[in-house]
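Q: Got a structure for you, written out below as structure tokens; questions coming shortly.
The values are calculated or read from the model by the stated rules, or taken from the named source; none is laboratory data. Because the structure is predicted, anything quoted here is derived from the model rather than measured. Counting neighbours? That spans all protein chains shown, and the Cβs are built from the backbone with ideal geometry, glycine included.
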Amino acid sequence: MANVTDEAFRRLFAKYGKPDVMWTEFVSVEGLLSVGREKLLPDLWKSRKEKPVVAQIFGGKPEQFEIVARQLAQMGFDGIDINMGCPDRGIEKSGGGAAMMKNPKLAQEVVLATRRGAGDVPVSVKTRLGYSKNEMTEWVKYLLEVEPAVITMHLRTRKEMSLVPARWDQMSKLVELVAREIPKVGERP
């Protein structure tokens with residue numbers, strides 16, 4: 001989460017929470033390829049105690065995802081997570097976050113490009129039930145066609161943001177929908 005899962009937070013979490021996996025703050029692929037890259041790199045700092053750690057990225061251009069995924073793999077990240085669920089308007093303007101749900105073909109291209117760049121590093125997707133209504137069945141089918149290693153589902157639509165309780169009834173439908181064995185990560189109440 002932006003402004004939450006920074007290195008200091010992850011260190012405390014690693015020490016006291018003993019999580020199975022941790023994620024970085026999400027970082028713009030466009031920003032990581034720009035002159036301002038140095039300002040974003042601290043969001044990706046990690047210590048040896050933070051294992052495994054997954055870098056979360058967002059953007060709207062597949063070619064940028066491929067380049068950045070290659071860089072993240074070389075930096076030693078244990079996974080790369082594509083944010084396709086953030087409802088922030090600024091993120092959506094870049095074509096990233098929840099805006100990806102409006103363009104499933106582009107979303108597929110982004111996953112494939114990220115997988116090419118990542119090599120053996122697993123690529124996952126964090127997303128939502130849909131943009132303005134629940135379209136989970138169709139949306140997840142698109143994602144499964146490009147074989148992400150993990151799908152993390154925020155059990156609300158983009159329109160709902162976090163203003164309503166998570167729709168836990170959808171988790172069992174997600175499990176049924178996913179025919180092959182990939183991890184399914186939901187929210188805890």
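Q: For the stretch 1-49, list the helices (runs of 4 or more DSSP H) that sit wholly inside it and hold at least 3 residues that are modelled with pLDDT of 70 or more; which are they?
A: Details: elements: 7-16, 29-32, 37-40.
Filter on the stretch 1-49 gives 29-32, 37-40.
Per-residue answers, yes or no, for (1) at pLDDT 95 or above; (2) over 15 Å from the mean Cα position of the chain (by Cα):
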{"residue": "127", "(1), (2)": "yes, no"}
{"residue": "131", "(1), (2)": "yes, yes"}
{"residue": "154", "(1), (2)": "no, no"}
{"residue": "169", "(1), (2)": "no, yes"}
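Q: Looking at residue 86 and the list (1) in contact (Cβ under 8 Å) with a residue 12 or more places away in the chain; (2) part of a helix (DSSP H, G or I); (3) out of contact with any strand residue (DSSP E or B) (no Cβ under 6 Å at 6 or more places or on another chain), which single condition is not satisfied?
A: (2)
Q: While we're on this one: With the structure loaded, tell me whether residue 61 is modelled with pLDDT under 85 and among the charged types (D, E, K, R) or whether it fails that test. Give the steps one after another, and end with the answer.
A: Working: modelled with pLDDT under 85: no; among the charged types (D, E, K, R): yes.
Answer is no for this residue.
Q: Go over the candidates 96, 119, 90 one by one and state the one that is buried (at least 23 other Cβ atoms within 10 Å of the Cβ), under 27 Å from residue 53 (Cβ atoms) and not basic (Lys, Arg). Break it down into steps so the answer makes sense when it comes.
A: On the way: 119 fails: buried (at least 23 other Cβ atoms within 10 Å of the Cβ); 90 fails: buried (at least 23 other Cβ atoms within 10 Å of the Cβ).
When all the criteria are applied, what remains is 96.
Q: Now, a different point. Consider only pairs whose beta carbons are under 6 Å apart and that are at least six residues apart or on different chains; among these, list those whose first residue lies in the stretch 115-142 and is in contact (Cβ under 8 Å) with a residue 24 or more places away in the chain and farther than 16 Å from residue 153 by Cβ and whose second residue is surrounded by 22 or more Cβ atoms within 10 Å (Cβ to Cβ) and of a type in the set (Gly, Ala, Ser).
A: Correct list of pairs: 117/69; 118/69.
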